[in-house]
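Reading through the structure tokens given below for one structure.
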Amino acid sequence: MLKKSGAASQRIADELRRRVLAGELAPGTRIRQEQIAEEFGVSRLPIREALRILESHGLVTLVASTGAWVSSMNLAECQETYLIRERVEPLALGQAIEQITPETIEQLGALTTQMESAEAVDDFVELDRQFHLLSFQAAGMSTLLEMVERLWNTTQHYRRAYVQLIGSEGLGETHLEHRLLVATIQHRDRRSAEELLGMHIRKTRLSLLNHPEIFDR
């Protein structure tokens with residue numbers, strides 16, 4: 001029975017995670033357990049466990065005796081998150097760079113090509129996420145990688161809103177930076193890769209400062 005409940009919890013968590021990251025559930029949206037129970041045909045127990053899983057990934061905020069909401073942040077919180085990302089993601093890439101295989105470098109190059117030809121915002125956002133998280137995987141530091149993914153989860157909605165705002169024509173520099181990152185990885189140039197990635201993240205953080213309306217939606 002416990003095994004069955006655990007499988008149901010993971011199935012529900014996976015689907016809600018997909019909806020949050022895809023923007024189908026916006027920040028601040030209340031997640032009503034009775035609706036989820038009816039949709040998935042389960043009791044409240046696996047739903048509560050699913051919500052705890054999502055909370056640990058930074059996707060849901062649980063308030064005791066009150067309920068669950070899709071996690072949201074204001075401009076100051078987003079800036080703080082980006083400042084942390086500017087430090088920890090170059091560390092992850094630097095730790096990974098000597099272990100990244102030629103096959104993975106080829107995958108990273110293919111992802112840059114797909115991003116450049118992506119017409120839909122959601123496609124670009126998902127490919128961008130795949131690109132960066134893939135570049136860190138060889139670091140072999142589970143605690144660091146879990147932190148990085150959590151930070152990506154909490155900012156995903158705001159990255160999407162920003163890309164929607166600037167449109168595909170505003171992504172030229174971003175595409176170039178991705179190409180340069182692949183080149184530094186290919187040359188195992190740790191210092192340049194770390195500096196370039198820090199700049200890449202910092203540029204988005206500073207751009208978000210110019211668009212506080214994103215956080216008022």
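Here's the yes/no breakdown for (1) crowded, with 17+ Cβ neighbours inside 10 Å; (2) part of a helix (DSSP H, G or I); (3) among the β-branched types (V, I, T); (4) touching a residue at least 24 places away in the same chain (Cβ under 8 Å):
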site: V148; (1), (2), (3), (4): yes, yes, yes, yes
site: H157; (1), (2), (3), (4): yes, yes, no, yes
site: R160; (1), (2), (3), (4): yes, yes, no, yes
site: E169; (1), (2), (3), (4): no, yes, no, no
site: L176; (1), (2), (3), (4): no, yes, no, no
Could you grab me the full set of residues in segment 110-136 that are more than 14 Å from the chain's Cα centre (by Cα) and surrounded by fewer than 17 Cβ atoms within 10 Å (Cβ to Cβ)? A110, T113, Q114, S117, E119, A120
So, first residue among the hydrophobic types (A, V, I, L, M, F, W, C) in segment 186-212, second residue part of a loop (DSSP other than H, G, I, E, B), Cβ within less than 8 Å, six or more apart or across chains; the pairs are A193/I97
Residues in segment 170-199 that are hydrophobic (A, V, I, L, M, F, W, C) and at positive phi total 0
Can you tell me which residues in segment 32-84 are in contact with a strand residue (DSSP E or B) (Cβ under 8 Å, 6 or more places away or on another chain), in a loop (DSSP other than H, G, I, E, B) and buried (at least 18 other Cβ atoms within 10 Å of the Cβ)? L59, S71
Quick check on my filter: what residues within segment 89-107 are buried (at least 21 other Cβ atoms within 10 Å of the Cβ), touching a residue at least 60 places away in the same chain (Cβ under 8 Å) and either part of a helix (DSSP H, G or I) or at positive phi (or both)? E89, P90, L93
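Each value in this text was obtained by applying a stated rule to the coordinates, not by laboratory testing. Computed from a prediction, not measured in an experiment: that's the story for all the values here. Note: ideal-geometry Cβ built from the backbone for every residue, glycine included; neighbour counts use all protein chains shown.
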